[in-house]
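Reading through the structure tokens given below for one structure.
The values are calculated or read from the model by the stated rules, or taken from the named source; none is laboratory data. Nothing here was measured: the structure is a model prediction, and the numbers come from that model. Because the Cβ atoms are built from the backbone with ideal geometry, glycine has one as well, and the counts that use them run over all protein chains shown. With ligands, DNA and RNA removed, areas are computed over all heavy atoms of the protein, side chains included. Shrake-Rupley method; radii C 1.70, N 1.55, O 1.52, S 1.80 Å.
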Amino acid sequence: MPADVLPLSIKRDGDAFRIEWSDGVAASVPFLTLRNNCPCATCNDERTKPADPFRVLSAREVSAGLPVPVAMKAVGHYAYQITWNDGHDAGIFTLDALRRLGQPATPPRT
Ligand SMILES: [Zn+2]
């Protein structure tokens with residue numbers, strides 16, 4: 001993605017963010033996809049561990065249900081920090097990551 005492409009708007013749309021980019025691309029980023037790709041050290045660590053078939057959901061996971069962002073704050077000009085409904089807020093999502101995780105709804109303008 002070119003460095004000068006920026007999000008013009010980020011709106012909640014059901015269980016996803018709808019992001020309109022300055023190059024005309026509109027993409028939908030599901031919350032679950034975002035959370036599963038949380039770039040923080042803790043989540044990275046979780047993803048590299050083999051799946052535990054006997055893992056029991058923590059009380060927090062059970063009560064929180066689907067991950068939903070409750071706050072989103074710009075970090076400099078290149079990233080957003082997302083706070084989730086279970087309190088997790090360690091993940092900083094770069095614009096590149098948001099762009100990569102998005103499912104384009106419209107192609108870029110030419
Ligand atoms: Zn995380």
Residue under question is Ala51, and the condition is that it be among the small types (Gly, Ala, Ser), assigned to a strand (DSSP E or B) and without any contact (Cβ under 8 Å) to a residue 12 or more places away in the chain; does it hold? no
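Just the residues that are among the polar types (S, T, N, Q) and either farther than 11 Å from Cys38 by Cα or within 11 Å of the ligand (Cβ to nearest atom) (or both), please, taken from segment 84-95. Before you say what the answer is, go through the steps one by one.
Within segment 84-95, the first condition is being among the polar types (S, T, N, Q), and the residues that meet it are 85, 94.
Listed by number, the list holds a single entry, Asn85.
If you go through segment 41-59 one residue at a time, do you hit one that is under 12 Å from the mean Cα position of the chain (by Cα) and within 16 Å of the ligand (Cβ to nearest atom)?
Taking segment 41-59 first, the residues under 12 Å from the mean Cα position of the chain (by Cα) are none.
No, there is no match, as no residue in segment 41-59 is under 12 Å from the mean Cα position of the chain (by Cα) and within 16 Å of the ligand (Cβ to nearest atom).
This table checks each residue for (1) at pLDDT below 95; (2) of a type in the set (A, V, I, L, M, F, W, C); (3) open to solvent by less than 50 Å² (accessible area, probe 1.4 Å).
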position: Asp45; (1), (2), (3): yes, no, no
position: Ala59; (1), (2), (3): yes, yes, no
position: Ala64; (1), (2), (3): yes, yes, yes
position: His77; (1), (2), (3): yes, no, no
position: Gly91; (1), (2), (3): no, no, yes
Can you name the residue in segment 7-32 that is surrounded by 15 or more Cβ atoms within 10 Å (Cβ to Cβ) and not in a strand (DSSP E or B) and, of all such residues, is farthest from the ligand (Cβ to nearest atom)? Asp23
